[in-house]
Amino acid sequence: MTDDRPIDLTGTGFLELLGDDPRPVDLTAPFAIGRPGTRAVTIEGRVALAPMAGVSVQAFRRQGRRFGASVVFTEMVSISGLHYANERTRDYLRIATDEHPIAVQLFGTDPVLMHDAAQQVAEAGADMIDINMGCPVKKVSKTGAGCKLLDDPDAAVAVAKACVDATDLPVTIKIRRGMRNGSRDCLELGPRLVEEAGVSALTLHPRSAAQMYTGFADHRLTAELVELVDVPVFASGDVTDRVRAEAVMALTGCAAVMIGRAAQGNPWAVRDLTTGLAVEPEPEERVAELVRFVREVVREMGDHRATGFLRKFYGWYLRGEAFGKSARRELMAFETPGEVEAHLLDRWPGALPRLADLEATVRYPDDTDRVIELPVSAYGGG
């Protein structure tokens, strides 16, 4: 792309950059991730569900796949936690057959521990391994992991190479533009990760770590990175609908898009990206999906852990004038997911037939425990 103006998806200015004859885009076209010597993975579409800490549990990933996500990523998994056999950390490796293709995301700074963690991920049945080199949250960055690796490219390459050398799974890496506003460090580190470490794909969220999630992601950097590497690049950041997904692919030449915050409590955003059906769900449909999600999280985690985990989802699902702030506040007061479910179905009885239809037609394989041998799970699933 020769135009050096920012590609900002948060407004409408990106439409002017498309011109009269934009590059054709097919969000349903398959593509492959994998380099010589790796077990290449075919992705049957161009929409990925992002790895999000405290969000991307199995119930969330399965729902994303059901709504059309072509590939899903787990939330961050600590390589130190895996090394010391932390039970809750190992539970992140519970993978079911209906989640494939799936990438498990790791974070850490020790190449030896990364090598060991990668082997555990391969044994768990993952299709790919992703390394987080972009998380700006202090409890991650203060350890030298996440976005801090952008300031130490030699360490970043060493960690990535250890992961690549550990298994024959493709390794992908998610990065930000750099630590500071205006940084272009991603354009130096990205090619090194490909050429020196041998990673098979990159995801770029072109915000700085200092920005966190404010401002906009400048996908002009995504376009430049695409030109510099010979592996697929995922565009992450501000991809909230079909128009923006198609535009960023046309403007940057990226292989796929990654949807994150827009999909929190809103699987219909994933459906919009994959099918172009931008239909606002009725309140009863939102309630039915929420109740189904609550049940799946309880099955995965047990009542106690699910209670706190689910609270943030209530506001995400029950958005819009049909619910109002009072309805969302009411749910926060309940002590168990069962009370939440009973209240929702009493308040919106029209959701009952929709929920019954979901329960009858959406059958998740109950095979998680056969994928990797684990001790009795902290999730309560055994």
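Overview of values
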| read-out | value |
| --- | --- |
| Scan of the stretch 121-132 for residues that are farther than 12 Å from S78 by Cα, part of a helix (DSSP H, G or I) and modelled with pLDDT of 95 or more, ordered by number | A122 |
| Members of the stretch 195-237 that are in a loop (DSSP other than H, G, I, E, B), in contact (Cβ under 8 Å) with a residue 60 or more places away in the chain and within 17 Å of the chain's Cα centre (by Cα) | M212, A217, P232, G237 |
| Complete set of residues in the stretch 133-178 that are part of a strand (DSSP E or B), under 17 Å from A53 (Cα atoms) and of a type in the set (A, V, I, L, M) | M133, I173, I175 |
| Qualifying helices (runs of 4 or more DSSP H) (wholly inside the stretch 252-356; at least 2 residues being touching a Leu at 6+ places or on another chain (Cβ under 6 Å) and basic (K, R)) | none |
| Residue count, the stretch 243-279 (criterion: closer than 21 Å to F60 by Cβ and not aliphatic (A, V, I, L, M)) | 11 |
| Residue check, R192 surrounded by fewer than 19 Cβ atoms within 10 Å (Cβ to Cβ) and more than 18 Å from the chain's Cα centre (by Cα) | yes |
| Residue satisfying condition, being assigned by TED's automatic domain parsing to the domain that holds I102, among the small types (G, A, S), surrounded by 24 or more Cβ atoms within 10 Å (Cβ to Cβ) and at pLDDT 95 or above, within set A197, A160, A166, A155 | A160 |
| The listed residue being of a type in the set (D, E, K, R), within 21 Å of M301 (Cα to Cα) and crowded, with 18+ Cβ neighbours inside 10 Å, out of D98, D130, D91 | D91 |
| Qualifying residues in the stretch 35-53 (those that are assigned to a loop (DSSP other than H, G, I, E, B) and surrounded by 20 or more Cβ atoms within 10 Å (Cβ to Cβ)) - the one farthest from the chain's Cα centre (by Cα) | R46 |
| Single unsatisfied condition, G68 versus (1) under 27 Å from V291 (Cβ atoms); (2) free of Cβ contacts under 8 Å to residues at least 24 places away in the same chain; (3) of a type outside the set (A, V, I, L, M, F, W, C) | (2) |
| Positions within the stretch 323-351 being surrounded by 15 or more Cβ atoms within 10 Å (Cβ to Cβ) and either of a type in the set (A, V, I, L, M, F, W, C) or modelled with pLDDT under 80 (or both), in sequence order | F323, A327, L331, F334, V340, L344, L345, W348, A351 |
| Residues (in contact (Cβ under 8 Å) with a residue 60 or more places away in the chain and either buried (at least 24 other Cβ atoms within 10 Å of the Cβ) or within 17 Å of the chain's Cα centre (by Cα) (or both)) located in the stretch 250-266 | L251, T252, A255, A256, V257, M258, I259, G260, R261, A263, Q264 |
| Selection count, the stretch 56-109, where residues are more than 20 Å from G146 (Cα to Cα) and among the small types (G, A, S) | 7 |
| Residue list for the stretch 60-100, filter: of a type in the set (S, T, N, Q), modelled with pLDDT of 90 or more and not in a helix (DSSP H, G or I) | S70, T74, S78 |
| Among (1) of a type outside the set (S, T, Y); (2) surrounded by fewer than 21 Cβ atoms within 10 Å (Cβ to Cβ); (3) not assigned by TED's automatic domain parsing to the domain that holds V239, the one test that L290 misses | (2) |
| Odd one out for Y314 among (1) at pLDDT 90 or above; (2) over 23 Å from the mean Cα position of the chain (by Cα) | (2) |
| Qualifying residue in the stretch 268-278 (condition: on the phi < 0 side of the Ramachandran plot, touching a strand residue (DSSP E or B) at 6+ places or on another chain (Cβ under 6 Å), polar (S, T, N, Q) and in contact (Cβ under 8 Å) with a residue 40 or more places away in the chain) | yes |
| Near pairs, Cβ below 6 angstrom, 6+ apart or cross-chain, from the stretch 5-32 (in the same structural domain as P101 (by TED's automatic domain parsing) and under 21 Å from V231 (Cβ atoms)) to any residue that is in a loop (DSSP other than H, G, I, E, B) and among the aliphatic types (A, V, I, L, M) | F31/A255; A32/A40 |
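The values are calculated or read from the model by the stated rules, or taken from the named source; none is laboratory data. The shown structure was predicted, so the numbers you read here are calculated from the model rather than taken from an experiment. All Cβ positions, glycine included, derive from the backbone under ideal geometry; neighbour counts span all protein chains shown.
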